[in-house]
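Coordinate-derived values only; no laboratory data. Treat the numbers as computed from the prediction; the structure is a model and nothing was measured. In this analysis, Cβ positions are derived from the backbone assuming ideal geometry, glycine residues included, and neighbour counts consider all displayed protein chains.
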């Protein structure tokens, strides 16, 4: 697994308090990992800080799954 | 009681009577304060009076870019922003049928839109630290209406609805959002009223007197304190009984 994926997973596990093995490619933050809409806003904030990138609101809305997040951040870097 | 040692607070409209009193009250409770306003001189004078733990942050709230920059400037100066007091407000009174679009827009922009933007800019840090206090200074006229103040009453009522909506969203993160609605307070803004107007208003105040800026500041201090952690989405009316809501 890539370095980006490891770091994203760590944030998701810490923030949502889920088991690491639940955080898989297609895991939806809201449907599978128990996040509410405010959690997803906070996750995006945490990604921005961890990776030093800016995630605009319209892009943030497309980040629904763990895989989406890793893909977006990898491309943004 | 009400110890704000180690907390940081941004107060808008701090060059005015109520804003200055709020800054003094929060500072007196131990907070580091960022005082904002359009007029630099009164801000510098207030800063000199307060001494340490104070930052002067001039900002014209009718300038959208300046509004967006203000939270960043406050955080850069103070290291954080735990408390935000949206106190700045302007009036452009006119009879509804004579009110220009410009008078409407100016009041809505400064009183309501700037409040929205400053709240947004403050939330990130507050949510991260799981502690925050937003106090929006509304007005009795937001609840009761007032002839000649269609724009001002709309903005002040809007602040209450906005505060409640935001309070719902961030309550689980330890951030409270409340409003204080002053009644008739002795400030430069109310000095503009003539004696007849003042007399008519006095007759409607059970307490029989105008309120003081310090009495508004005390309400803000409470809502900003750790003790008020379970109070959110509330509007605290401080009006001498003028309207019992």
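The set of residues in region A:44-77 that are assigned to a helix (DSSP H, G or I), within 14 Å of chain B (Cβ to nearest Cβ), surrounded by fewer than 16 Cβ atoms within 10 Å (Cβ to Cβ) and without any contact (Cβ under 8 Å) to a residue 24 or more places away in the chain comprises A:49, A:57.
Select from region B:94-122 the residues that are touching a helix residue (DSSP H, G or I) at 6+ places or on another chain (Cβ under 7 Å), part of a helix (DSSP H, G or I) and over 18 Å from residue B:57 (Cβ atoms) and write down the one among them that is farthest from the other protein chains (Cβ to nearest Cβ).
Quick first cut of region B:94-122, residues touching a helix residue (DSSP H, G or I) at 6+ places or on another chain (Cβ under 7 Å) only: B:94, B:96, B:99, B:103-104, B:107-108, B:111-112, B:114-119, B:121-122.
Filter once more, keeping what is part of a helix (DSSP H, G or I): B:96, B:103-104, B:107-108, B:111-112, B:114-119, B:121-122.
Then drop every residue that is not over 18 Å from residue B:57 (Cβ atoms), which leaves B:96, B:103-104, B:107-108, B:111-112, B:116.
Working: B:96: 36, B:103: 32, B:104: 28, B:107: 28, B:108: 23, B:111: 25, B:112: 21, B:116: 15 Å.
Checked region B:94-122; the qualifying residue farthest from the other protein chains (Cβ to nearest Cβ) is B:96.
Is it the case that some residue within region A:7-16 is more than 14 Å from every other protein chain (Cβ to nearest Cβ), touching a helix residue (DSSP H, G or I) at 6+ places or on another chain (Cβ under 9 Å), part of a helix (DSSP H, G or I) and in contact (Cβ under 8 Å) with a residue 60 or more places away in the chain? The answer is yes; a qualifying residue exists.
Quick test of your reading of the structure: residue A:41 fulfils all but one of (1) over 19 Å from residue B:173 (Cα atoms); (2) within 14 Å of chain B (Cβ to nearest Cβ). Name the failing condition by number. Among (1) over 19 Å from residue B:173 (Cα atoms); (2) within 14 Å of chain B (Cβ to nearest Cβ), residue A:41 violates only (1). Being without any contact (Cβ under 8 Å) to a residue 12 or more places away in the chain and within 14 Å of chain A (Cβ to nearest Cβ) is true of residue B:165.
Against the condition closer than 15 Å to residue A:75 by Cβ and outside any loop (DSSP other than H, G, I, E, B), how does residue A:41 come out, does it pass?
Numbers: closer than 15 Å to residue A:75 by Cβ: no; outside any loop (DSSP other than H, G, I, E, B): yes.
Spelling it out, it is not the case that residue A:41 is closer than 15 Å to residue A:75 by Cβ and outside any loop (DSSP other than H, G, I, E, B).
Of the residues making up region B:178-200, those that are in contact (Cβ under 8 Å) with a residue 40 or more places away in the chain and either surrounded by fewer than 17 Cβ atoms within 10 Å (Cβ to Cβ) or within 14 Å of chain A (Cβ to nearest Cβ) (or both) are B:186, B:188, B:189. Residues of region A:24-38 that are within 14 Å of chain B (Cβ to nearest Cβ) and in contact (Cβ under 8 Å) with a residue 12 or more places away in the chain: A:34, A:35. Among the residues here, residue B:40 qualifies as surrounded by fewer than 15 Cβ atoms within 10 Å (Cβ to Cβ) and without any contact (Cβ under 8 Å) to a residue 60 or more places away in the chain.
Taking first residues from region B:126-138 that are within 13 Å of another protein chain (Cβ to nearest Cβ) and partners that are surrounded by fewer than 24 Cβ atoms within 10 Å (Cβ to Cβ) and part of a helix (DSSP H, G or I), the Cβ contacts under 7 Å between residues at least 6 apart in sequence or on separate chains come to B:127/A:42; B:127/B:170; B:127/B:173; B:130/B:173.
Please go through region B:160-194 and pick out each residue that is assigned to a helix (DSSP H, G or I) and touching a helix residue (DSSP H, G or I) at 6+ places or on another chain (Cβ under 7 Å). Can you show your working first?
The initial filter retains those residues of region B:160-194 that are assigned to a helix (DSSP H, G or I), namely B:160-173, B:188-191.
Within region B:160-194, B:160, B:162, B:166, B:169, B:170, B:173, B:188 meet the criteria.
When you look at residue A:21, is it surrounded by 12 or more Cβ atoms within 10 Å (Cβ to Cβ) and either more than 14 Å from chain B (Cβ to nearest Cβ) or outside any helix (DSSP H, G or I) (or both), yes or no?
So residue A:21 fails the test.
Of everything in region B:50-72 that is farther than 20 Å from residue B:39 by Cβ and assigned to a loop (DSSP other than H, G, I, E, B), the residue that is nearest to the chain's Cα centre (by Cα) is B:53.
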